[in-house]
Each structure stands twice: as C-alpha cells, then as structure tokens.
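Step one of this worksheet: look at the structure below.
The values are calculated or read from the model by the stated rules, or taken from the named source; none is laboratory data. Everything numeric here is computed off the predicted structure, so don't read it as measured data. Every residue, glycine as well, gets a Cβ built from its backbone with ideal geometry; the counts of neighbours run over all protein chains shown.
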Amino acid sequence: MDAEELLERYAAGERQFHNENLRGINLKGANLSGIDLRNADLTGADLDDVNLSNAILQKANLTRASLINANLNSLQDSTSLILSWAELSGADLSRAKMISSNFCNANLAHTHLSEAQLDGSNFSDSNLDSTNLSKASLNNANLSRANLNNANLSQASFNSTNFSNANLNNVNLSQTSLNSANFSNANLNSANLSDAKLDHANLFNAFLYEAKVVRASLKNTDLTRANLEKADFSQVDLSSIKLQDANFQDAKIRGVILSNHNLSGMNLSQADLGAANLKGVNFRTAKLQGTNLEKAELHKVDLIRANLNGANLRKADLTGANIYGATFIDADLTGAIMPDGEIYKPIASEVEVGKQVVSLEKVISMTRQVINTDQAPAPVGPYNQAIAASGQMIFVAGQIAIDPRLGDVVYTDDVKKQTEQVLANLEAILKAAGATFANVVKTTVFLADMNDFAAVNAVYAKYFPEDTAPARACVQVSRLPKDVMVEIDCIAVI
C-alpha cells in the first residue's frame, strides 16, 4: 500500500490497517490521529511531523523510521512496538502506552515521554539527552549504556530497571522510585536524587560526583567502590548500605546513621559528617584529613592508623575509641570527650614556648649555673657542658609520644611531631612538680635511629635556648617502647 491509498482510505473514515506493508512510506506531516496500525511494517518510513495521537501501534515495526517532532501523544494499546534505530528527536510520546517496546539505539533527544507507560521496554544504547520522562513508568526496563544527559526523570518509576554503564549526568531523579535498580558503572555526576527511593539498588562503581542525594531512601543499597566525592547525603539513613572502598571525599553526610559500618581505608577527607551517628564504625587507616566530625557520635570506633590531620572534632564523643597510631596533627578537639571519658583539655605543647622567657631568667639566676670550659669539647647542639645546681631534685621518667588525651602513641611516622609530644609530656610533669624547662639541669635523649638526630635537635632547641640549655646525652638504642622513634628523660632542680 502506498501513501496515497492509505491517506484516501483514512480520509474516507477507515482506521484499521492491520498487518499492512508500509515499508519506506512517506507520510510526513500527515494527520493520522486514532489510526490502528497493529502489526504493520513501517520500517524506514518517513513520519516526521506526523500526527499519530491516540493511535494503536501494537507490535508495529518502525525500525529506522524517522519521527522527528511527530505527535504520538496518548498512544493506545501499543505494546511491543519496535522503534530500534528510529529517529524520534523532539517527538511527543507523553501518556503513550508502549509496554515492552524496543527503542534500542533510537535517538530520543528532547523527546517528551512524561507519564508514558514503558514497563519492560528496551532503551539500551539509545540517546535520551534532555528527554522528559517525568512521572513515566519504566519498571524492569533496560537502559544500559543509554545517554540520559540532562534528562528529567522526576517522580517516575524505574523499579528493577537496568541503568548499567548509562550516562545520567545532571539528570533529575528527584522523588523517583528506583528500588532494586542497577546503576553499576553508571555516570550520575551532578544528578539530583533528592527524596528518591533506592532501596536494594546496585550502585557498584557508580560515579556520583556532586550528586544530590538528600533524604533519599537507601536501604540495603550497594555503593561499593562508588565515587561519591562532593555528593550531598544529608539526612539519609545509611545504616544498611554497603560502602566498602567508596570515595566520600568532600562529601556532605551530615546527620547520617552509619553505626557499625566497615569504612576501613575509605577516603572521607574534607567530608562533612557533623552530628553523624558513627558508633562502632571501623575507620582503620581511613583518610579523614580536614573532615568535619563536630558533635559526631564516635563511641568505640576503630581509628587505628587513621589520618585525622586538620579534622574538626569539636564536641565529638570518642568514648572507648581505639586511636592507636592515628594522627591528629592540627585537629580541633575542643570540648570533645576523649577515649577515657574525660573532656579534652589543651596540652602544654599548644602554648607558645616563648611565653615562658620572662620568668626563665629569674629562675636561672636563683637555681643554677651554666658551666663551660675550653678544656673540654664544645657542645654541638642546644646543651651545655655542665650545670651546677642546688635545691630539691626532680627525676622525670623517660617520656615517649603518647598523647594523654588519647592514651596512645601519636605521629607514628613523624619524628618531629613525636619530639614535640615528648617535650609536651615532660613540660606537663615539670609543671605538676612546680618546675619549668628552666629548672632542667640534665636530659637524656634516646633515638631509635641516629639519622633522626638533626630533626629532633631542631625541635629540642625551641624548648631549651642554647645559652641556658641543660647538660645532655644522646644515644641510639635498638628499640624503644611501643616502637616510638624518640624518648627523653630529664632531671630538674627547684
């Protein structure tokens, strides 16, 4: 049947054209509203700007057909429609009933599919750039490798749909139902998933850079190895999700529930975990540099060898936490509850050493005398040959880099920071005995590696000015307690 015959019969009131061979037919711009083309073969047909609203296209074959800007609004029973490799850019398929249809490799850029019924349809490798699928139903559909860049899928239903390897960059999925959907290896960068339902969804190795996932439901969702950098997970219950090896760098996760999760080795640097419930979480070797943990619940967390340098732990609760080998360089622990249950108090090393200088001169003149002679080798560091002193003696036991706030060794790979911690501990003990560094007459420095001598000396010199420094011995030993790098003891006289 050619185009002229079809149009004449349509104009005469005929609507049923079942099983017709219309391959390559040119019906461009024709008005065929309500036509019934069940099982018709329209392969390669030119249907640009055609009006097929309310038509029936059940099992019709439109492979490689061109329907640019066509009107297929409110298609009636059009199940199993074949539109593979078809050109549908700008077409209107809103409210169309096309269950189990085939759109494989079709071009649907800027197409209107709002409220369409497309359950079980195949959109694999199709182009849906900027397409409107709001309130559409695509449960159990296949969108693997599809391009949905800038598409609108808000309030739609995609339960159990396959989005693997699809491009959903900047897509709108707000309030969309995506339970049990497969997003493995999908690109969801800058996507809006606010208030979406993603229970049991698979986001393995998915990319959600700067994605918005606020208030979304993620029960039993798999985010293993997902890239969640700068994503916003505020007010999300993450208690039952899989997060192994996910990247949460600079992500916003305020107020979330992550209790008892295994986040070992995970990158959470610069992330916002303010007021989060993190009880019992395994953060072993995790990257938490600059992370906001203010007011977070960190009861009994495992922070072994975790990096918390520059982290904000103000008013956080670290009761019972294991912080062995963790680093807290420049971390803010103001008001935090420490592992021993005590409120954090600044240690002596956090006070400028120079503030003691005024009172040191008085103490020196009253309690000690520096001894120097050219008949013996001159000092090669911040110490003197001998100190003559009188008064009550204080023998301070050797101190290592244990932070009294945390109860464990800190800065395990930084000898300078360990030295600062050791001297802070010595200063605290001297203060408790009514003394200062100015009262110290003798020190012994024990090093695990003499190659660290210069680094230790540089820190030591800040606490003991060269002209008044105490006598000192420095030795290398085979091993120090808890495998620290430096230990120092001292004798003071008051």
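Mind telling me which of the residues L168, L133, L148, L118 ends up being over 31 Å from the mean Cα position of the chain (by Cα) and among the hydrophobic types (A, V, I, L, M, F, W, C)? Let's see the steps before the verdict.
Values: L168 fails: over 31 Å from the mean Cα position of the chain (by Cα); L133 fails: over 31 Å from the mean Cα position of the chain (by Cα); L148 fails: over 31 Å from the mean Cα position of the chain (by Cα).
None of the other options fit; the residue is L118.
Counting only residues that are farther than 14 Å from N179 by Cα and surrounded by fewer than 22 Cβ atoms within 10 Å (Cβ to Cβ), which one in the range 213-226 is farthest from the chain's Cα centre (by Cα)?
R215
Pairs needed: first member in the range 120-140, over 18 Å from I99 (Cα atoms); second member anywhere, assigned to a strand (DSSP E or B) and modelled with pLDDT of 95 or more; C-beta distance under 6 Å; at least 6 residues apart or different chains.
Hits for this filter: N127/N107; N127/N147; D129/N147.
Of these, D374, D413, which one is assigned to a loop (DSSP other than H, G, I, E, B) and either at pLDDT 90 or above or touching a His at 6+ places or on another chain (Cβ under 6 Å) (or both)? Walk me through how you get there before you give the answer.
Numbers: D374 fails: either at pLDDT 90 or above or touching a His at 6+ places or on another chain (Cβ under 6 Å) (or both).
Checking each option against the conditions leaves just D413.
I'm checking my understanding of the structure. Among residues of the range 416-450 that are part of a strand (DSSP E or B) and in contact (Cβ under 8 Å) with a residue 60 or more places away in the chain, which one is surrounded by the most Cβ atoms within 10 Å (Cβ to Cβ)?
Of all residues in the range 416-450, those part of a strand (DSSP E or B) come to 440-447.
From what's left, in contact (Cβ under 8 Å) with a residue 60 or more places away in the chain: 441, 443.
Values: V441: 22, T443: 24.
Restricting to residues being part of a strand (DSSP E or B) and in contact (Cβ under 8 Å) with a residue 60 or more places away in the chain, the top hit is T443.
Among the residues of the range 214-261, what is the count of those that are under 16 Å from K279 (Cα atoms), touching an Asp or Glu at 6+ places or on another chain (Cβ under 9 Å) and either of a type in the set (F, W, Y) or not in a loop (DSSP other than H, G, I, E, B) (or both)?
Total satisfying the criteria: 1.
A492 versus (1) closer than 29 Å to I323 by Cα; (2) crowded, with 16+ Cβ neighbours inside 10 Å; (3) touching a helix residue (DSSP H, G or I) at 6+ places or on another chain (Cβ under 8 Å): which is the lone unmet condition?
Tallying (1) closer than 29 Å to I323 by Cα; (2) crowded, with 16+ Cβ neighbours inside 10 Å; (3) touching a helix residue (DSSP H, G or I) at 6+ places or on another chain (Cβ under 8 Å), A492 fails exactly one: (1).
For the range 8-35, what are the residues that are surrounded by 18 or more Cβ atoms within 10 Å (Cβ to Cβ) and under 15 Å from S53 (Cα atoms)?
Y10, L27, A30, L32, I35
Any residue at all in the range 70-89 that's in contact with a Gly (Cβ under 8 Å, 6 or more places away or on another chain), over 17 Å from L118 (Cα atoms), surrounded by fewer than 23 Cβ atoms within 10 Å (Cβ to Cβ) and polar (S, T, N, Q)?
Checking the range 70-89: not a single residue is in contact with a Gly (Cβ under 8 Å, 6 or more places away or on another chain), over 17 Å from L118 (Cα atoms), surrounded by fewer than 23 Cβ atoms within 10 Å (Cβ to Cβ) and polar (S, T, N, Q).
Spot the failing condition for S121; the list is (1) farther than 27 Å from L168 by Cβ; (2) crowded, with 19+ Cβ neighbours inside 10 Å, and only one is missed.
Against the list (1) farther than 27 Å from L168 by Cβ; (2) crowded, with 19+ Cβ neighbours inside 10 Å, S121 comes up short only on (1).
Check the range 1-13 and report whether any residue there is free of Cβ contacts under 8 Å to residues at least 40 places away in the same chain, in a loop (DSSP other than H, G, I, E, B), aliphatic (A, V, I, L, M) and closer than 24 Å to H112 by Cα.
Just the residues of the range 1-13 that are free of Cβ contacts under 8 Å to residues at least 40 places away in the same chain, to begin with: 1-13.
With the extra rule that they be in a loop (DSSP other than H, G, I, E, B), the set shrinks to 1-2, 12-13.
Of the ones still in play, those that are also aliphatic (A, V, I, L, M) are 1, 12.
Now restrict to residues that are closer than 24 Å to H112 by Cα: none.
The answer is no; no qualifying residue exists.
Check the range 320-336 and report whether any residue there is crowded, with 24+ Cβ neighbours inside 10 Å, touching a residue at least 60 places away in the same chain (Cβ under 8 Å), under 20 Å from H261 (Cβ atoms) and not small (G, A, S).
Looking for residues that are crowded, with 24+ Cβ neighbours inside 10 Å, touching a residue at least 60 places away in the same chain (Cβ under 8 Å), under 20 Å from H261 (Cβ atoms) and not small (G, A, S), one finds at least one in the range 320-336, hence yes.
Conditions: (1) within 17 Å of A246 (Cβ to Cβ); (2) modelled with pLDDT of 95 or more. L293 meets all but one. Number of the miss?
Exception for L293: condition (1).
Tell me which of these V475 doesn't satisfy, since it passes every other one: (1) more than 30 Å from T285 (Cα to Cα); (2) touching a helix residue (DSSP H, G or I) at 6+ places or on another chain (Cβ under 9 Å); (3) crowded, with 16+ Cβ neighbours inside 10 Å; (4) not hydroxyl-bearing (S, T, Y).
(3)
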